[in-house]
1. Can you go through 195, 171 and tell me which one is touching a residue at least 40 places away in the same chain (Cβ under 8 Å), assigned to a helix (DSSP H, G or I) and in contact with a Leu (Cβ under 8 Å, 6 or more places away or on another chain)?
2. Do we find that residue 157 is surrounded by 24 or more Cβ atoms within 10 Å (Cβ to Cβ), out of contact with any strand residue (DSSP E or B) (no Cβ under 6 Å at 6 or more places or on another chain) and of a type in the set (S, T, N, Q) in this structure?
3. Restricting attention to the range 33-68, and to residues there that are small (Gly, Ala, Ser), within 19 Å of the chain's Cα centre (by Cα) and farther than 30 Å from residue 101 by Cβ, which single residue is surrounded by the most Cβ atoms within 10 Å (Cβ to Cβ)?
4. Test residue 220 against the stated conditions and say whether it is charged (D, E, K, R) and crowded, with 22+ Cβ neighbours inside 10 Å.
5. Can you give me the number of residues within the range 288-302 that are closer than 16 Å to residue 32 by Cβ, at pLDDT 90 or above and crowded, with 22+ Cβ neighbours inside 10 Å?
6. Identify the single condition in (1) surrounded by 20 or more Cβ atoms within 10 Å (Cβ to Cβ); (2) over 30 Å from residue 154 (Cα atoms); (3) within 17 Å of the chain's Cα centre (by Cα) that residue 306 does not satisfy, given that it satisfies every other one.
7. All but one of (1) out of contact with any Pro (no Cβ under 6 Å at 6 or more places or on another chain); (2) at pLDDT 95 or above hold for residue 133; which doesn't?
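The values are calculated or read from the model by the stated rules, or taken from the named source; none is laboratory data. Everything quoted here is computed from the prediction, not taken from an experiment. Every residue, glycine as well, gets a Cβ built from its backbone with ideal geometry; the counts of neighbours run over all protein chains shown.
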Amino acid sequence: MIQTPTDSATSPGTAPPSVPALKVFLNLIKFSHSIFALPFALVAMFLAARQTGQWFPGIGAFVLIIGCMVSARTFAMTFNRIVDRKFDAHNPRTRNRPSVTGALSVRWMTTALVISAAAFIAFTSGFWGLLHNPWPVMLAIPILGFIAFYSYTKRFTWLCHFVIGASLGLAPLSTWVALVPPRGPLISIQIIWLALAVTTWTAGFDLLYAMQDIDIDRRDRLYSMPAQFGPRVTLIVSRLCHGCTLLALAAFGMALGGGLVLGPVYWIGWITVTILLATEQALVKADDISRINLAFMTINGIVGLVFGVLSIAAILWI
């Protein structure tokens, strides 16, 4: 029998009346998890700055990038909580979410959804005014559509884990597209390596996280990989994903296909990430996922921070 973590560790629960709605909302969408993809966007930001002959793109561009990241993730998570309310209500792990219990109304969440979408479009428009770059605002609606699409994929394909991976993988790609054109190439092979690393890293840990809901997904006929193929196959695929992450990060550091070759500081980060991902995989077993919160939340947060700090240091060192 698979051992699972307690519901209290993964569900916000019903908020007392005294807790402000905004605080309940931020807990519901796991706002603190923005740290997962943000370091990779910042790495892309410093790399893009070097591409255009700077060490820093400026405070204006920095604020716009942070604004885009936060508003896009808020939109995606809010959309997910709205459209998945029926499934969340039938899952013991998620049935106490405020979106299910009524602590946050659908109207409140829909308002937050519209505001976050409008904020994202506004932030992307800022690059047009600041850098005369129309690409971000031209791509704003397609990007919002793609990250919202993820919420439906579990209904028809076990590739859903790779769709959420690609959603986070857009962070470094979008950062590059926002900062480099029209002064440089629309895209770079080096950034594609970084986006691939984020995509496979995210898919790998999402596969582990989904192992909590194998029985529930099977009952509700949802197409997660654990529900379709079982925990042992899921673990193998997750480990292959994280192996691809390390290969992609190595290609990124060596600038395979063109770009800036990164020095020793970067490779210290790469070795650290390797150890962390190996630890994450060792914590989760096919018949015991009781340490999933440590593997998913703590270690992945450290991966992002370590990689981000050391990669930026390596880029500035050049």
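1. Values: 195 fails: touching a residue at least 40 places away in the same chain (Cβ under 8 Å).
When all the criteria are applied, what remains is 171.
2. Values: surrounded by 24 or more Cβ atoms within 10 Å (Cβ to Cβ): no; out of contact with any strand residue (DSSP E or B) (no Cβ under 6 Å at 6 or more places or on another chain): yes; of a type in the set (S, T, N, Q): yes.
Against the criterion (surrounded by 24 or more Cβ atoms within 10 Å (Cβ to Cβ), out of contact with any strand residue (DSSP E or B) (no Cβ under 6 Å at 6 or more places or on another chain) and of a type in the set (S, T, N, Q)), residue 157 does not qualify.
3. Within the range 33-68, the match that is surrounded by the most Cβ atoms within 10 Å (Cβ to Cβ) is 44.
4. Numbers: charged (D, E, K, R): yes; crowded, with 22+ Cβ neighbours inside 10 Å: no.
No.
5. Residues that pass the stated criteria total 1.
6. If we test residue 306 against (1) surrounded by 20 or more Cβ atoms within 10 Å (Cβ to Cβ); (2) over 30 Å from residue 154 (Cα atoms); (3) within 17 Å of the chain's Cα centre (by Cα), just (1) comes out false.
7. Looking at each condition in turn, residue 133 falls short on (1).
Here's the yes/no breakdown for (1) surrounded by 22 or more Cβ atoms within 10 Å (Cβ to Cβ); (2) closer than 21 Å to residue 34 by Cα; (3) over 10 Å from the mean Cα position of the chain (by Cα); (4) modelled with pLDDT of 95 or more:
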residue: 170; (1), (2), (3), (4): no, yes, no, yes
residue: 174; (1), (2), (3), (4): yes, yes, yes, yes
residue: 182; (1), (2), (3), (4): no, no, yes, no
residue: 191; (1), (2), (3), (4): yes, yes, yes, yes
residue: 199; (1), (2), (3), (4): yes, yes, no, yes
residue: 202; (1), (2), (3), (4): yes, yes, no, yes
residue: 208; (1), (2), (3), (4): yes, yes, yes, yes
